[in-house]
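Here the structure is laid out as structure tokens; the discussion comes afterwards.
What follows is calculated from the coordinates using simple rules that are stated; it is not laboratory data. Every value quoted in this text rests on a predicted model; they were computed, and no experiment measured them. We place every Cβ from the backbone using ideal geometry, glycine too, and count neighbours over all the protein chains shown.
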Amino acid sequence: MSMDGVIVGIDLGTTNSEVAVVRDGRVEVIPVSGNSRILPSVVGIGDSGTLLVGEAARNQYILHPERTVRSIKRRMGEFGKVAMGENQYTPQEISAMILARLKQAAEAHLGQTVGKAVITVPAFFSDAQRQATREAGEIAGLEVVRILNEPTAAALSYEKRLDSARKLLVYDLGGGTFDVSIVNIEGEVVEVLASHGNNHLGGDDFDRKIVDRALEHLEGLHKTDFRGMPTVMARLQRAAEEAKIALSSAPFVTLSEEYLSEKDGVPVHLSLEISRTDYEEMIGDYIDETMNAVHIAIRNARLSVSEIDEILLVGGSTRTPLIVRRLTEDLGKVPRFEVDPDLCVAMGAAIQASLIAGTGAPRVLVDVTPYTFGISVLGYLPDGMEYPKCFAPLIRKNSPIPVSKSEVFTTSHDGQTEVEITVYQGEHPDALENIEIGQFLVTGLRPLPQGENLVIVSFSLDLDGLLRVTAREKETGLECSIDIERTIAPLGQEELDRSRERIVGLIGEGSGKFAEGAAPGSSALSERIRSLRERADRLLAGSLDGEDREDLIERVSGMIDQADGPEEELLKAAGDLEDLLFYLEA
Ligand code: AMP
């Protein structure tokens, strides 16, 4: 495919920015420094007077705030200038430095000049803010062919075909901003119905809560306030963000920083354990605020909760499990998160760019687990009855792989020295309704009163479907684990076989009908039906899975159902199948 006049898609974010492109029908997010595809939206003047953009600028922020600028997106559309080192710059100029860096990365990656871009902005951006974004593009040497709303871009990254009318709620929580939008998709038209949020709420606030906790802890121990010490603060801030990210997949984390400072000639070390439960309490009010905004946005779109078809997650902070839990509880639907929440806006912008360039609608390919994996635990049924085989999911269906998650469980009776870990695959709240895929016994636990011994169970699933399950006694580190191989493939295979049988049965049945030549009005039509069935068969015999497989089965059955019906219905069903085949075979 010729890349002449390539148009890139850019997510120019408050905290981070990304650039993506569609090549050979695939969306690629372009590496900007080393392997990293994420460029911190920070600009600065380095020690030697050189311009720094991205990671390097971010790293010097705490030490040299006077010559570093971050979160410039919040100033877009304003008239004032910002100081950086000796000089003053307009917000457009600072943004242009970020855009120029992305343009350069794209050119290096593609081996050609890049002159055009689709750039995304929040749905609530005013005309002045959009205009400023265009100007930033021009300064960076990019013709901005479209300014695209971020929630629309996110929707584009998820929706392979914009053919069914749906209403999406896009929950976007980044490093420093939060917004929620209600998006209506109808035909090719994507419209933002309502948008609400807080321009000063995000993951940075969560980091700050952890930093505060660490400072309190240090103050308790050393009777010193370390707030005024930039190097200590810089280290704490970095440690806090790492801890926060770890808490998204583990129930406990230890912040540990050696030689943070000195007090009366004695070195100050930090070692502080934080549990996910503590952390969730620290950020609870922030999450409540976002949930209020969700309900306001739904109301402003004149919809009810039940009219929302899907929830999409955007922004790195949406990896926080509490957010997924609260959205699921409040809206009665599990949010979708299979497209990387940091990258989906840039991907959507690239898809829009490719539509504008006329290079067609590509697909975003992600490796996700088709099943939920978890263990059985003693719990309570909805009617309040105690039940020993409740399913506790650890890795959820549709999680991008590789993935690791751990949760803490407690012993259920006094003096318990053994726990049996039974691993299941499935979606049912009753573990026994799911498929058991492994079991092991952890022995030698310390006998303690019920609920006092904490056992951390970790699941780690790799791209080959190898699931490693580990159980560790928290206090002693005593550990047992098993490897369960081909969790995705063999069981998946069984299911594939079953559905293949089902569909072959259907096709066989249909063949009978078609063979009589009664339904298809013309031999050209029956030839077309036959060839469509063959093409479908080929795909079903292959590795097609998930939603695509279901769609295909549905459309083949749809066509077969019309075999005896009116010819125009049959033609329509054949057309539907053909469209899908076209797309799946691409
Ligand atoms: P964004 O502005 O969308 O790039 O989001 C960046 C924010 O997401 C930062 O505050 C990150 O610390 C946060 N973040 C990234 N990964 C995770 C994670 N696994 N859990 C919680 N927050 C995360």
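Things to note:
- Centroid-to-centroid separation of segment 420-468 and segment 249-309 [C-alpha atoms, Å]: 27
- Inter-label distance for D537 and E386, nm, one decimal - labels placed 7 Å from Cα along Cα-to-Cβ: 5.8
- Segment L463-Q104, length gained on full extension (0.36 nm per residue, minus Cα span): 126.0 nm
- A crude spin-label estimate for the pair D545 and S304, with each label 7 Å from Cα along the Cβ direction, gives 3.8 nm.
- A Cα-only calculation for segment 115-205 places Rg and Dmax at 14.2, 39 Å.
- Among the chymotrypsin sites (Phe, Trp or Tyr not before Pro) in segment 36-131, those located in a DSSP loop and surrounded by at most 11 other Cβ atoms within 10 Å of their own Cβ are F79.
- Distance cut-off 46 Å, percentage of C-alpha pairs in the chain lying past it: 24
- Sites Q131 and T328 - FRET efficiency at Förster radius 30 Å, r taken between beta-carbons, to 0.05: 0.15
- Annotation for segment 293-397: trypsin sites (Lys or Arg not before Pro) lying in DSSP loop with at most 14 further Cβ atoms inside 10 Å of their Cβ are R302.
- A simple spin-label model places the labels of R528 and E55 5.5 nm from each other, with each point 7 Å out along Cα-to-Cβ.
- For Y583 and L378, a Förster radius of 45 Å and the Cβ-Cβ distance give a FRET efficiency of 0.45, rounded to the nearest 0.05.
- Just so you know, the Cα atoms of segment 163-337 work out to an Rg and Dmax of 19.7, 70 Å.
- Charge-dipole axis of segment 373-477 as Lys and Arg at +1 and Asp and Glu at -1 on Cβ define it, positive-most pick from L394, L445, S376: L394
- Lys, Arg +1 and Asp, Glu -1 on Cβ, resulting dipole of segment 139-238 about Cα centre, debye, nearest 20: 380
- Inverting the pair-averaged 1/r between distinct Cα atoms of segment 26-115 gives 13.8 Å as its Kirkwood hydrodynamic radius.
- 25 Å Cα-Cα reach of K405 towards lysines, excluding residues that sit fewer than 8 places from it in its own chain: K209, K244, K333, K389, K397, K474
- Distant-in-sequence amide H partners of G379 (H built 1.01 Å from N, under 5 Å): Y387, K389, C390
- Summarising the amide proton neighbourhood of M84: residues at separation of 5 or more, or on other chains, whose placed amide H is nearer than 5 Å comprise Y89.
- Computed from backbone phi with θ = phi - 60° and the Karplus coefficients 6.51, -1.76 and 1.60, the 3J(HN,Hα) list for segment 444-452 is x, 6, 6, x, 10, x, 3, x, 8 Hz; x is used for glycine and proline.
- For GluC sites (Glu not before Pro), the sites in segment 49-118 that DSSP calls loop and that have at most 12 other Cβ atoms within 10 Å are E86.
- Backbone amide hydrogens, once placed in the peptide plane, bring A250 within less than 5 Å of S406, excluding anything fewer than 5 places away on its chain.
- Put in order of Cβ neighbour count within 10 Å, fewest first, the listed residues K81, K405 become K81, K405.
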